[in-house]
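Below is one structure, written out as structure tokens, with a few remarks after it.
The values are calculated or read from the model by the stated rules, or taken from the named source; none is laboratory data. Just so you know, these numbers come straight off a predicted model, no measurement behind them. Here Cβ is always computed from backbone atoms with ideal geometry, including for glycine, and neighbour counts include all displayed protein chains.
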Ligand SMILES: Cc1ncc(C[n+]2csc(CCOP(=O)(O)OP(=O)(O)O)c2C)c(N)n1
Ligand SMILES: Cc1ncc(C[n+]2csc(CCOP(=O)(O)OP(=O)(O)O)c2C)c(N)n1
Ligand SMILES: [Mg+2]
Ligand SMILES: [Mg+2]
């Protein structure tokens, strides 16, 4: 039965239900046990599943990911939490060098799901706000997932855990207790690699993922008043990503905006924009606009951070510009 | 006076001449002293500059980059060598978290030049062939340099060392003793952020950097026979990159191919392709084609690696396809 | 090496100033209107462990440096950073050390030889090495203090940095403030040994343990290590046993900390300790302490008014300084 | 725990097989036509240090695992990998453990509980922990041997892994093969301590040093640690003192190694040692050894013919297995 629950609770529910279903699934990381994680995502899991399946670790991200890889090879389904996605910088080697290539090189699957709270707007600065997804989409062998709704947070997490590959699951910490939507109380999966059209519109396809989805909704409403129909695609998975859904929509609108929170330069938006041009050149009615954060480290001060992040105005301006073609 | 010297020797010459000129410049890293580095790039430097300025380190990439940052803050100009660019995965945090944001956050420049031999085709596999430049172009505060000729290898290295920012200098290990060209024997700089048109052509702009430049030359010759004029741009610096040179050429050709050795998906080519579409939509006569490596870890076997890497055929096919528009 | 009366009174003053300032920060954090916060983000306090920071920093001479951790306001004050500066940082003002770009304890000031702290635990340890190496190259008898926590001790980079410092006989004194907790993780889940200082033997450097709540003992223990470093005899590791008497940040009620552990440590408050000591020595009496408390309160109040009046950062400046000129 | 005659003879056989196989790899590397190489890349040999690998692996039982380093062909053979397999790997054949995707010593085989090695030094240590954790969860009394070198000991991840293993009392035996060199870097430039094993105390685990050129001593020392681990008493660190008697790879003439150091160690050749021991014990004589050498030669020759005949990898398969189904 669906009920409205928070994004954060959807993640917890996915973890606990999947742990009940499959005793190979376990969670670990810094402060995830009694404390329930710094964002409370693993709260109460210790009580239900005990200290073997819900475990604090030393402050050692590389060792955490290393454990995950080994345990996965052994046959478990580890779901490590990295306290903030930013700290993945200290564990790039095990993810990229070992996990991503292990099945290709050695032939044994490495089913791990790395939960990493990602993204800004919380005024917590350069070391707690980064969006690192683009790096990992450039690493063959990894999957990259970014849920934008509570429904997806649950379904994509279950799918990630059941997937036989290393998945980086970038949960959007800004949405934890900001977004609530209908979530079935039973287990279900949202398949990896499938985007979803969140809103239909005839004029422009806006492709996004994660928390900027809500900015896109806002923009769509405003643009509607101006007679511009924004179709919104939520990618949900960045690697592999769903070309078909993008191209089908683009065939209709012939215009596209790609919106993400990571800096624009070198961001994942470039991949999408380039792909559209490669695949649908004949349908191009206007430039493809990428909107991302500015080219600076992430400032803390709200005035600066708001300016750093992509804004409603950025989207409206881009849409209006595109309609002039 | 210019003479033809190897790409490898041009790098060494830049190091030794710049060390003579500026006693703040010093080199260090694994096996760089008496051994001269695993590629022999720092050979003989120990004899001339002594053990303080040419120093072996323990096998600790993060500590090496950390030292570089501290010494730079103190006022030196460190030029650490990371033995293979692949091992940067163990030092992402100091580069991205500390070096890239230090000037922005603290206000003190961090002039370091990280030399990292990069790229494949040497049949040394997944852990010694990676092209990681795309990651670092996505990090505001870093500069990224990829020299393709001996002349540039010297001039860009000198410019990198004199630059007041952290620079990752991806030397192309395939070119070390494969490429020779005219190099002045005095000190000079090739400015960071400036691309160069390597070959003029009227039909298609091919944008590349690093070792695939030579593949582009080959393609240009073959295409010429077919009456297709390939203009070749060598970016030289990826961050910041030279939009003007790209757009000027594109204005003329209205067709573009971007060629790099890193995997196509999420690669730096996507940035260039997207930028062209954003900035020069009106001049677009055809799709913009990205050519990169296949979406797999890097195989060692020559048959597999050749198939993995972008090929002459890829470029020729793309060019012919583009001319059909 | 014995401290004079004047010095002891100065140490007391710094302890008090740190406590007063941080109590004030706590008060603001807890009472401010979250919609219109004066402090951006949370407070990270050293309450109850100020003696580590103050005692250690008090050993330094003018040319020396420090790489603080996130609970080292005491050291910053000893080092000459002002209450204004630190509050301006917490208030995220344009004229603060990080110009509103970074928040709270994430600051540095190289003109005062304060290297800075980044969130990634332990990350600055090898950077401290770099300062020491720079000084060594320039033949300056500079000593660097590098602070890290019991949690940070589990990071690989701390190991790399200590081994590296030993190999190059760098003048770095590594100071572990073992305050028994890393967020919710107690030391017994962080490591199985009694003393982090015992790791020193594994690097070939002296290790010492001291009572981190006794500022004189901290001073004397660190001073020995500093003197040794200044003589060119290489690094040391000093572990200061103390207790985190607050939550991890001002938002954390730390219910996971056992009552009796807190009780035990409350009786060993470093300021109370110092007052007892000064009384015993007949260097000061209650009236004196009262006066100091009042003076410090006044200083903090005045600084608060001053910092409050400062303008916030301007959007126009935001993207400045990403790159150094 | 005392080894039987049969076991001792078997140990001798493995030493000889390893030596014979690696001598053969050396011969091929040095003599093959670089234009038409049989071996792709260089050879990385354990010549002169085979006893570490063989003696340690000989302690394992069926369910146990090993995470080898790059000089552990001895352990792989003991573990049941065949000469065919290892040569097929060196010859980069389709039926080799990595199917031609990776080369030489970069291989694993989970069906034989060989976890694998990647170039990044020390990287597999925390993965070994993961296997041990998996076994612990599944209540299997499995022991994992994790090999690393004197150079690798400077990597942060090795520190993280050892501390982590101690905290969770994992059944991992860390084995440092201290062969005095890391490429051209001697141990005295890698660390200032006498014994890497002394670091064990800093993790709260037993540390032991043994003569790495005495296979019986290696066996006995490691066996003690393995027994302890199997009883659930946690990890240990065993350091085996030995010497790298070849260059780093078959391309490296190792001119940086002092003649007298080589001379010193030549007299302590582990195979010679073992022959003396077996003779002393009257378990074998020169005729026996001669026979073993001949047998091993034959085995290697036959395997060579077999491996040579195997087909190389096909391009069609290249992109298979990047993701597990
Ligand atoms: C690499 C890394 N991982 C995780 C964190 C999140 N984190 C912030 S503080 C902290 C605990 C630090 O403990 P300790 O080093 O003992 O310092 P203390 O807060 O006790 O002074 C953690 C896990 C971090 N900052 N850096
Ligand atoms: C992280 C990392 N940095 C650098 C290298 C390059 N490298 C390959 S082997 C080696 C030396 C390894 O020494 P040691 O651990 O003692 O092993 P040995 O070769 O002596 O058996 C180095 C520096 C690497 N493989 N990994
Ligand atoms: Mg602590
Ligand atoms: Mg070695």
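It is to be established whether one or more residues within the range B:94-103 are in a loop (DSSP other than H, G, I, E, B) and crowded, with 24+ Cβ neighbours inside 10 Å. Within the range B:94-103 (the criterion being in a loop (DSSP other than H, G, I, E, B) and crowded, with 24+ Cβ neighbours inside 10 Å), the answer is no, since none of the residues qualifies.
Every listed requirement among (1) at the interface with chain D (Cβ under 9 Å from one of its Cβ atoms); (2) at positive phi; (3) within 13 Å of ligand 3 (Cβ to nearest atom) is met by residue C:183 save one, (1).
Across the range D:186-202, the number of residues qualifying as more than 24 Å from residue D:260 (Cβ to Cβ) and either within 16 Å of ligand 3 (Cβ to nearest atom) or surrounded by 21 or more Cβ atoms within 10 Å (Cβ to Cβ) (or both) comes to 4.
Return yes when residue B:64 is within 12 Å of chain C (Cβ to nearest Cβ), in contact (Cβ under 8 Å) with a residue 24 or more places away in the chain and within 16 Å of ligand 2 (Cβ to nearest atom) and no when it is not. Yes; evaluated as a whole, the condition is true for this residue.
Number of residues in the range A:213-228 that are in a loop (DSSP other than H, G, I, E, B) and surrounded by fewer than 18 Cβ atoms within 10 Å (Cβ to Cβ): the value is 2. Filter the range B:49-70 down to the residues that are touching a strand residue (DSSP E or B) at 6+ places or on another chain (Cβ under 8 Å) and over 21 Å from residue D:155 (Cα atoms), then identify the one that is surrounded by the most Cβ atoms within 10 Å (Cβ to Cβ). Only one residue tops the list, namely B:54.
Being at negative phi, surrounded by fewer than 24 Cβ atoms within 10 Å (Cβ to Cβ) and at pLDDT below 95 is a property that residue A:122 has.
Within the group B:158, B:144, B:196, which residue is closer than 27 Å to residue B:92 by Cα and surrounded by fewer than 24 Cβ atoms within 10 Å (Cβ to Cβ)? Lay out the reasoning, then the answer.
Details: B:144 fails: surrounded by fewer than 24 Cβ atoms within 10 Å (Cβ to Cβ); B:196 fails: closer than 27 Å to residue B:92 by Cα.
Of B:158, B:144, B:196, the one residue that is closer than 27 Å to residue B:92 by Cα and surrounded by fewer than 24 Cβ atoms within 10 Å (Cβ to Cβ) is B:158.
The set of residues from the range C:125-151 being within 16 Å of ligand 3 (Cβ to nearest atom) and closer than 23 Å to residue C:79 by Cα comprises C:125, C:146, C:147, C:148, C:149.
Say whether the condition of being without any contact (Cβ under 8 Å) to a residue 40 or more places away in the chain, away from ligand 3 (no atom under 16 Å from the Cβ), within 14 Å of chain B (Cβ to nearest Cβ) and over 29 Å from residue D:268 (Cα atoms) is met by at least one residue in the range D:36-46. Show your work before the answer.
First, pick out the residues of the range D:36-46 that are without any contact (Cβ under 8 Å) to a residue 40 or more places away in the chain: D:36-37, D:46.
Keeping just the survivors that are away from ligand 3 (no atom under 16 Å from the Cβ) gives D:36-37, D:46.
Those still in the list that are within 14 Å of chain B (Cβ to nearest Cβ) too: D:36-37.
Checking which are over 29 Å from residue D:268 (Cα atoms) leaves us with D:36-37.
Yes, the range D:36-46 contains at least one residue that is without any contact (Cβ under 8 Å) to a residue 40 or more places away in the chain, away from ligand 3 (no atom under 16 Å from the Cβ), within 14 Å of chain B (Cβ to nearest Cβ) and over 29 Å from residue D:268 (Cα atoms).
Just give me the residues in the range B:270-281 being more than 7 Å from chain A (Cβ to nearest Cβ) and either modelled with pLDDT under 95 or under 25 Å from residue B:311 (Cα atoms) (or both), in sequence order. Scanning the range B:270-281 gives B:272, B:275, B:276.
Step by step: first the residues of the range B:10-60, then only those that are assigned to a loop (DSSP other than H, G, I, E, B) and over 18 Å from residue D:184 (Cβ atoms), then the one that is farthest from the other protein chains (Cβ to nearest Cβ). Which residue is that? Break it down into steps so the answer makes sense when it comes.
Our first condition is that a residue be assigned to a loop (DSSP other than H, G, I, E, B); within the range B:10-60, this holds for B:22-24, B:30-44, B:57-60.
Among the residues that remain, those that are also over 18 Å from residue D:184 (Cβ atoms) are: B:22-24.
Details: B:22: 13, B:23: 9, B:24: 9 Å.
Checking each candidate, the answer is B:22.
Quick check on residue C:18: is it in a loop (DSSP other than H, G, I, E, B) and under 30 Å from residue C:171 (Cβ atoms)? The answer is no for residue C:18. Quick one: is residue D:189 within 16 Å of ligand 4 (Cβ to nearest atom), within 12 Å of chain C (Cβ to nearest Cβ), without any contact (Cβ under 8 Å) to a residue 24 or more places away in the chain and in contact with a strand residue (DSSP E or B) (Cβ under 6 Å, 6 or more places away or on another chain)? So residue D:189 fits the description; yes.
Any residue that is out of contact with any strand residue (DSSP E or B) (no Cβ under 7 Å at 6 or more places or on another chain) and away from ligand 1 (no atom under 16 Å from the Cβ) - is there at least one of those in the range C:155-163?
Here is the first cut: in the range C:155-163, the residues out of contact with any strand residue (DSSP E or B) (no Cβ under 7 Å at 6 or more places or on another chain) are C:155-157, C:159-161, C:163.
Checking which are away from ligand 1 (no atom under 16 Å from the Cβ) leaves us with C:163.
Yes, because at least one residue in the range C:155-163 is out of contact with any strand residue (DSSP E or B) (no Cβ under 7 Å at 6 or more places or on another chain) and away from ligand 1 (no atom under 16 Å from the Cβ).
Residue C:205 fulfils the conditions (1) more than 20 Å from residue C:72 (Cβ to Cβ); (2) within 11 Å of ligand 3 (Cβ to nearest atom); (3) surrounded by 24 or more Cβ atoms within 10 Å (Cβ to Cβ) except for a single criterion, (2).
State yes or no: is residue D:297 away from ligand 2 (no atom under 16 Å from the Cβ) and within 20 Å of residue D:74 (Cα to Cα)?
Details: away from ligand 2 (no atom under 16 Å from the Cβ): yes; within 20 Å of residue D:74 (Cα to Cα): yes.
When the stated conditions are applied, residue D:297 passes them.
The lone criterion from (1) out of contact with any strand residue (DSSP E or B) (no Cβ under 8 Å at 6 or more places or on another chain); (2) more than 9 Å from chain B (Cβ to nearest Cβ); (3) assigned to a loop (DSSP other than H, G, I, E, B) left unmet by residue A:210 is number (1). Give me the residue from the range C:200-241 that is touching a helix residue (DSSP H, G or I) at 6+ places or on another chain (Cβ under 7 Å), within 14 Å of another protein chain (Cβ to nearest Cβ) and assigned to a helix (DSSP H, G or I) and, out of that set, nearest to residue C:163 (Cα to Cα). Only one residue tops the list, namely C:203.
Go through the range C:63-174 and tell me which helices (runs of 4 or more DSSP H), entirely inside it, have 3 or more residues that are more than 14 Å from chain D (Cβ to nearest Cβ), surrounded by fewer than 24 Cβ atoms within 10 Å (Cβ to Cβ) and at positive phi. Step through it out loud before you land on a result.
Details: elements: C:73-78, C:83-90, C:125-137, C:156-167.
Filter on the range C:63-174 gives an empty set.
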